[in-house]
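Accompanying notes for the structure given below.
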Amino acid sequence: MTPSSSAVTQYRNAMSLVAIIAVFVLLSLSAVAFGSTWIAFDKIIGVILGVGEKTQNIIVLQLRLPRVVMAILAGGGMAVSGFLLQKVTRNSLASPGVLGVIDGSALGVVLFLALLSNESNALVTSIAYQPVAAAIGAFLAITLVFTLSGRQASSAIRLLLFGIAVAAVAKALTVIFMLIGPIYRATQAQRWLAGAVNEVNWGEIQITAIALLPIMILVLLAARRLPPADLDEVSARSVGLNLPVFRIVIFALAASLTALSVAFVGAVGFIGLMAPHLARLLVGRNVYAGIVASFLLGAIFLVGADMIVRVLFSPIEVPAGTVTAIIGAPYFLFLLMGKQRNDG
């Protein structure tokens, strides 16, 4: 690539990132503005600044803004998790959903709700521990997948098969515990399994944001080591990277991001698969640009999915995860068939 073509590519990637940011801001404001009553953008900003009318304050701060903020955090977290998994495994099919991490998190949360609910379906401990349960489930799932895959963990088909198997077992156990209960907020828990943002509150958002921030900082610190992670083990060691240890760190970060993202929102699938792919197409292979773009695109996907179900099914609250599944499943099959063709 010549210097001039490289400069053009960098400029195009930068403009793509600016466009992603613009779409993210516009869609987020639109998601808050849209509803049974349209609230203009300037009114929304006034509410956020504390100078809005009483009715608008209630609609924005209690009904609409929480679900948008949580969709941003959850969608972005799952997308970055997918970016890390695809990068460190050199596998375009790797994602939290495909590798069983989301279903492992779901099992962890449902076990938490089942074991710590009393006969009156009241939770006997703080809901703040729910992300911890999700994290334990996520860690166990991803550990099991890569342990079963062994030295062939870089194989797309091998990871896919073990990921699907672990996810299926976790899903089956989740259904069993849902049935035998008791489950704290059982109705919400059932909706949680499909992935929905309409039941969240500011307390859950605060827990998610506080836990997500340090993990994202660790991701950015680890990002400078991600390009050498594309190398084989011998080549990586020659540039000072202990690849097996580094992979464990990245898997732990990815599992943590997924667990936090789904802890209160639920098992929203395929965002961690689609967003990193689109990010690479739009901003190239720069790691930091890829992380930022993946986060924003993941947020866009989940905020957009929530808007779609609000438009199509109002006043019924349909889980946003149904939209990501309808879009993501065909996309996954498209990637899988392309992978099989490339592998001969």
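The numbers here are math on the coordinates, done by the rules we state, and not lab data. Computed from a predicted structure; not experimentally measured. FYI the Cβ positions are ideal-geometry reconstructions off the backbone, even for glycines, and counts take in every protein chain you see.
Just order 53-59, 105-111, 291-297 by mean Cβ neighbour count inside 10 Å, highest at the front, would you? Before the final figure, lay out the partial values.
Numbers: 53-59: 13.4, 105-111: 26.7, 291-297: 25.1.
The packing order, highest mean first, is 105-111, 291-297, 53-59.
Return Ile327, Ile39 ranked ascending by Cβ neighbour count within 10 Å, so the fewest neighbours appear first. Write down the numbers at each step before the final one.
Numbers: Ile327 17, Ile39 21.
The most exposed by this proxy come first: Ile327, Ile39.
Between beta-carbons, use under 11 Å as the cut-off and find the net charge around Gly290, counting Lys and Arg +1, Asp and Glu -1. Walk me through the numbers on the way to the answer.
On the way: positive: Lys87, Arg280, Arg285; negative: none.
Computed value for this residue: +3.
What does the C-alpha gyration tensor say about the overall shape of the chain? Classify as rounded when a/c is under 1.5, otherwise prolate if a/b is larger than b/c, or oblate.
Numbers: a/c = 1.86, a/b = 1.19, b/c = 1.56.
In terms of gyration-tensor shape, oblate.
Using a 10 angstrom cutoff on alpha carbons, build the Gaussian network for the chain and name the most mobile of Pro96, Pro227, Pro66.
The residue that fluctuates most here is Pro227.
With each label point set 7 Å from Cα along the Cα-Cβ vector, what nm distance links Arg90 and Asn201?
4.9
Calculate, in nm to one decimal, what Ala165 and Tyr288 gain on full extension: separation in residues at 0.36 nm each, minus their alpha carbon distance.
Values: separation 123, 0.36 × 123 = 44.28 nm, distance 3.27 nm.
Extra length available between Ala165 and Tyr288 comes to 41.0 nm.
Grab the other residues whose beta carbon is less than 15 angstrom from that of Asn13, score K and R as +1, D and E as -1, and report the net.
Numbers: positive: Arg12, Arg280, Arg285; negative: none.
Taking every other residue near Asn13 into account, the sum is +3.
Please give the net charge around Ala74, taking every other residue with its beta carbon less than 11 angstrom from that of Ala74, where Lys and Arg add +1 and Asp and Glu add -1. Provide the component values of the computation, followed by the final result.
Details: positive: Arg67; negative: Glu204, Asp306.
That sum, taken over residues with Cβ under 11 Å, equals -1.
Whole-Hz ³J(HN,Hα) for each residue in the stretch 297-303, computed from phi via Karplus 6.51 cos²θ - 1.76 cosθ + 1.60 with θ = phi - 60°, x for glycine and proline: what do you get?
Calculated HN-Hα couplings, in order: 5, x, 5, 4, 4, 6, 4 Hz.
Quick one: dipole size for the chain, taken about the Cα centre, charges +1 on Lys/Arg Cβ and -1 on Asp/Glu Cβ, in debye to the nearest 20. Could the numbers behind the result be given before it?
Values: 21 positive and 12 negative charges, 141 e Å.
With only Lys, Arg, Asp and Glu charged at Cβ, the dipole is about 680 debye.
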